Amino acid sequence: MNLKKFVFGHRLNRKQQRLWQTLEFLVRLIVLSVPLYLIIGLGISLYPLQLAAAGQSSWILGAMGYSVQQEGAYLTVSGGPPVQDFLFYVNEDCTGWKSMLFLFALIFAVPGVVLRRRLWGLVFGLPAIWLGNLGRVVGVVLAERSYGVETALLIHDYGWQFGLIALVLVIWAGWLFYARRK
């Protein structure tokens, strides 16, 4: 049985159809957000992702000429203007997992798109977010080396937070344009 016809009892006009699609998108987005809360609530460890982000960030910084020591998810960066080493921890939030999960939810929440196009969105979108997140880690280190810890923390806490949100939305909008093509 057609749920729309059951709920409304008649065929929907164009405006009602758009509202229905918006409601369907929002309900799907809420349902697809459940894994986020499960991962947080159950305390699921994302340590392998932390190690991957730390290792790849270490490699990039090393290729840029910085001396980097890695112990697990801890990185110590030497080199550059400041005399002190910059020690920081790549925690779970530094892996970009929430951004990747949100892109997944956005892509799968859009009604009327075939699975193949959704998968293409993930094939290109998830690595782009991963690379953007590595750029975030490297950018914070470069800011710390050039302008100090206070500036690096400001950039980390505000600039890159909004930057990753913008990246996810730009990727999703690009995918949406691709997915809606006939």
Just name the residue that is farthest from residue 140 (Cα to Cα) out of those in the stretch 85-111 that are touching a Lys or Arg at 6+ places or on another chain (Cβ under 8 Å) and not hydrophobic (A, V, I, L, M, F, W, C).
111
Could you please let me know if residue 103 is within 16 Å of the chain's Cα centre (by Cα), assigned to a helix (DSSP H, G or I), closer than 13 Å to residue 172 by Cα and modelled with pLDDT of 95 or more?
yes
Check off (1) assigned to a helix (DSSP H, G or I); (2) more than 19 Å from the chain's Cα centre (by Cα); (3) farther than 30 Å from residue 34 by Cβ; (4) not small (Gly, Ala, Ser) for residue 76 and give me the number that stays unchecked.
(1)
Residues in the stretch 108-118: is at least one surrounded by 13 or more Cβ atoms within 10 Å (Cβ to Cβ), under 13 Å from the mean Cα position of the chain (by Cα) and over 18 Å from residue 30 (Cα atoms)?
no
Tell me which of these residue 95 doesn't satisfy, since it passes every other one: (1) more than 27 Å from residue 178 (Cβ to Cβ); (2) hydroxyl-bearing (Ser, Thr, Tyr); (3) at pLDDT below 95; (4) surrounded by 17 or more Cβ atoms within 10 Å (Cβ to Cβ).
(1)
Check the stretch 141-148 and report whether any residue there is β-branched (Val, Ile, Thr), modelled with pLDDT under 95 and within 29 Å of residue 83 (Cβ to Cβ).
yes
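Let's see how each residue does on (1) in contact with a Cys (Cβ under 7 Å, 6 or more places away or on another chain); (2) surrounded by 13 or more Cβ atoms within 10 Å (Cβ to Cβ); (3) in contact (Cβ under 8 Å) with a residue 12 or more places away in the chain:
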residue: 120; (1), (2), (3): no, yes, yes
residue: 125; (1), (2), (3): no, yes, yes
residue: 136; (1), (2), (3): no, yes, yes
residue: 139; (1), (2), (3): no, yes, yes
residue: 161; (1), (2), (3): no, yes, no
residue: 171; (1), (2), (3): no, yes, yes
residue: 177; (1), (2), (3): no, no, no
Pick from the stretch 15-46 the residues that are among the aromatic types (Phe, Trp, Tyr) and either surrounded by 14 or more Cβ atoms within 10 Å (Cβ to Cβ) or touching a Ser or Thr at 6+ places or on another chain (Cβ under 6 Å) (or both): which of them is nearest to residue 74 (Cα to Cα)?
25
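The values are calculated or read from the model by the stated rules, or taken from the named source; none is laboratory data. This is a predicted model, so every value here is computed, not measured. With ideal geometry, Cβ positions are generated from the backbone for all residues, glycine too; neighbour counts draw on all protein chains shown.
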